[in-house]
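In what follows, a structure is listed as structure tokens, so that the remarks can point back to it.
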């Protein structure tokens, strides 16, 4: 598979699988909010510092990306850019006696996370080709693309009322690896001669791909095994401003060992490609034409092998501070960071309005993560013992997709038991 | 307990959940976009070797170039010179005494010892021959009522010191029908002494012994009963022959031989400044020859025209060629022969050889007549010949690359198969660009046409005019600096479709030298660099 195809596949996976915050892939928040309960939840988030929603939507819904759409994104490109997201669906149940200090958690989850950092030149090469670089060098150094897809089975323990009100929880998960793709480049560039007479490849990088023989999107593909742990601590307190709390969690602390059919490609070379050499132009035959294929070029540049590979999951650190000013209004401020995931700290604030005893609305504003400024809105409606929550932390993606970055939705259905 | 309303709400929420879960399944079509790509596809050089295949290009001291090439005109082999016809000998071993001869098992009946002299054509008188291939066919007829045993021997034929010898068992006659046996003896590698019992020529000795089989019954042999055998030398090809090869005349041709140097040039005029041809005649046979080489013409087979070689003061009609020298001799007849050689030089001063070559021949015609041993048997039966040696004539040509060429056309049809190159379908528009950097003093007009399997045109490939321009020359006719030209092969959807349907490409390359009708010299620093690049708009993700 050529580099370009791998890049394309990763980016397609990245974009089509979506990402981000929502509930921040943090199951314990359901326990804190609803106690013993059964939760069905789904969330996706996708954001970037440069790639606009209209272009992302083409990868999600399909269709041709025209030059105007590309140009809008190209106008936002910087030397270094980010894109990333996640798509999670699952079910979690929390059980335990109300009289007990201990409660138990169990859950099943489908997780996909993808992220990338890339130069403006890398985007231009991929999306517009190399003609614009005639006589120039396209710098594709420090490109990093990661794509994970796995299934998670979780068991956890929650210790309530530590020091009378605090809570602490821990869970361990078994992970079934489905898909893993990773591209990393060091110093890398492609020079295109002014008359296209040669391409100078300066390549230092690696590509790892889990077994694709059963298909990348095949839920049954069993390509690795892993473990992950999750911790949280919840400390309520009373301040002058009102009842307050502090929540901190670490999740995705773990790894997946991908099996021996995982393919690794490595290159660390400089190569000047001038096309195939034809000794007699009057004897151009089929074999000469076959040599023109791009695969033959890739073979010259890249060494590959098969074997097991371990990858750390992008660990998440999440902190949330809540002040309940009145019965009608609370303010959440939060921080989130994903390690080794091309992420920058995401800071946000939310105003939570209890509009009705059964209806809550929350307004959200945040900055960072894979994107820049995001605004959101979510609502929660209570029907007897059911809670339905629907919202977005990047509403701009649905209002002005041609002029905005980021999109995401989250939804949960909870039955309190 | 759930009410119906609860269930309905729950159902709606579950549907909504699945809608979100299936969000990423909402992709109705592939994601595609267009890239503008440029890349080199192929590089190469047009060498003069492409124009003149099967030649050696040499450089003179002034860096001007000469093409040299050899071609064999005549090659007259030993098996043509020395033809040994199939010849048979009949031996009769019968009861001629008029009384019954008792036939007892194992009894020896008759012996024969005969020499046979063959009458070879053209006065050939062989003393010795080594057989490369050939056989003896022995046919035997037994008219007695008992099985006979026949020991056949050919003392004149030996191999590693052993005489050719074979015993045959011939079945008895039944109801008056003689018993028959036919056998073949391989003569390959046998040395045959044709001197008979002494100083004879063309003579061999054979012997035979007839006996009654040891398992036969007692009987008798009536008058005229016995054994008749016939042996036949069949398809003899000599490895070596010694003797007198006769005062024979040989004629080869008129005939033509192929000449490949200008095969790729289909038409046009090549006006050479000069040429030199050395005709080398080699005689590897041990006979003197007097030869006459005539009817030398160059035949342009593409555009029929004939130029007959004319010359003055050149002895092509009376070539006296002495015999070759055998360094080993008849006692060690392994090929170690120095040929006798005659060379004749044809050039602008004594012939029209420049026009002869400039006619761009595809074939050369010739006729050879030769007298063998024109002075008789002066070798005293010591003429020799080896298989693989010959009387030959070769043309060694040197042609300075100093010429004018007018509409000199190379053309060919080559097969292509791009039907499996799927990437072509993703090209929306663009060009293949052939960039030529030419320092040869000629222009080249290129055309190419795509053909289907039935060789019907699918349209032109190169945008007209497909001209590789000639560079400017200085006052001495030398190229000042290379000239760059770009030729375009547009990749429209129609053209791409035609490319994928095409089975052949037929092309022409028409050369015209600069400053015509003046001739121009070609120097070793001249080159024609070619670069094929792609500049296309390509849809990714299709």
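The values are calculated or read from the model by the stated rules, or taken from the named source; none is laboratory data. Remember, predicted model here, so these are calculated numbers, not experimental data. Glycine also receives a Cβ, built like all others from the backbone with ideal geometry; neighbour counts cover every protein chain displayed.
Things to note:
- Tally of residues being buried (at least 16 other Cβ atoms within 10 Å of the Cβ) and within 40 Å of the chain's Cα centre (by Cα) across region B:160-177: 1
- Test result for residue B:172, in contact with a strand residue (DSSP E or B) (Cβ under 9 Å, 6 or more places away or on another chain) and more than 29 Å from residue B:383 (Cα to Cα): yes
- Screening residue A:391 against (1) surrounded by 14 or more Cβ atoms within 10 Å (Cβ to Cβ); (2) within 14 Å of chain B (Cβ to nearest Cβ); (3) free of Cβ contacts under 8 Å to residues at least 40 places away in the same chain leaves a single unmet condition, (3).
- Here residue A:234 does not fit the description of being touching a helix residue (DSSP H, G or I) at 6+ places or on another chain (Cβ under 7 Å) and either farther than 28 Å from residue A:164 by Cα or at pLDDT below 90 (or both).
- Qualifying residue in region B:471-489 (condition: away from every other protein chain (no Cβ under 14 Å), modelled with pLDDT under 90 and in contact with a helix residue (DSSP H, G or I) (Cβ under 8 Å, 6 or more places away or on another chain)): no
- When A:141, A:164 are screened for being in a loop (DSSP other than H, G, I, E, B) and within 30 Å of residue A:326 (Cα to Cα), only A:164 passes.
- Residues satisfying the stated conditions in region A:1-56, i.e. within 11 Å of the chain's Cα centre (by Cα), modelled with pLDDT under 50 and away from chain B (no Cβ under 13 Å): A:20, A:21
- Residues in region B:444-462 that are more than 33 Å from the chain's Cα centre (by Cα) and farther than 17 Å from residue B:484 by Cβ were compared, and the one that is surrounded by the most Cβ atoms within 10 Å (Cβ to Cβ) is B:461.
- Scan of region B:102-156 for residues that are surrounded by fewer than 16 Cβ atoms within 10 Å (Cβ to Cβ), within 34 Å of the chain's Cα centre (by Cα) and in a strand (DSSP E or B), ordered by number: B:133
Conditions (1) over 18 Å from residue B:39 (Cβ atoms); (2) touching a helix residue (DSSP H, G or I) at 6+ places or on another chain (Cβ under 9 Å); (3) not in a strand (DSSP E or B), marked per residue:
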residue	(1), (2), (3)
A:124	no, yes, yes
A:145	yes, yes, no
A:157	yes, no, no
A:168	yes, no, no
A:176	yes, no, no
A:184	yes, no, no
A:201	no, yes, no
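- Yes/no for residue B:438 being more than 14 Å from every other protein chain (Cβ to nearest Cβ) and closer than 30 Å to residue B:63 by Cβ: no
- The condition of being in contact (Cβ under 8 Å) with a residue 40 or more places away in the chain and assigned to a strand (DSSP E or B) holds for only one of B:297, B:274, that being B:297.
- Criterion (at positive phi, in contact (Cβ under 8 Å) with a residue 60 or more places away in the chain and buried (at least 18 other Cβ atoms within 10 Å of the Cβ)) met by exactly one of B:286, B:253, B:246: B:246
- Hits in region A:198-210 - residues which are farther than 20 Å from residue A:115 by Cα, crowded, with 17+ Cβ neighbours inside 10 Å and at pLDDT 90 or above: A:198, A:199, A:201, A:202
- Filter result (away from chain A (no Cβ under 14 Å) and crowded, with 18+ Cβ neighbours inside 10 Å) within region B:403-428: B:403, B:404, B:405
- For residue B:331, the test of being under 24 Å from residue B:69 (Cα atoms) and part of a loop (DSSP other than H, G, I, E, B) is failed.
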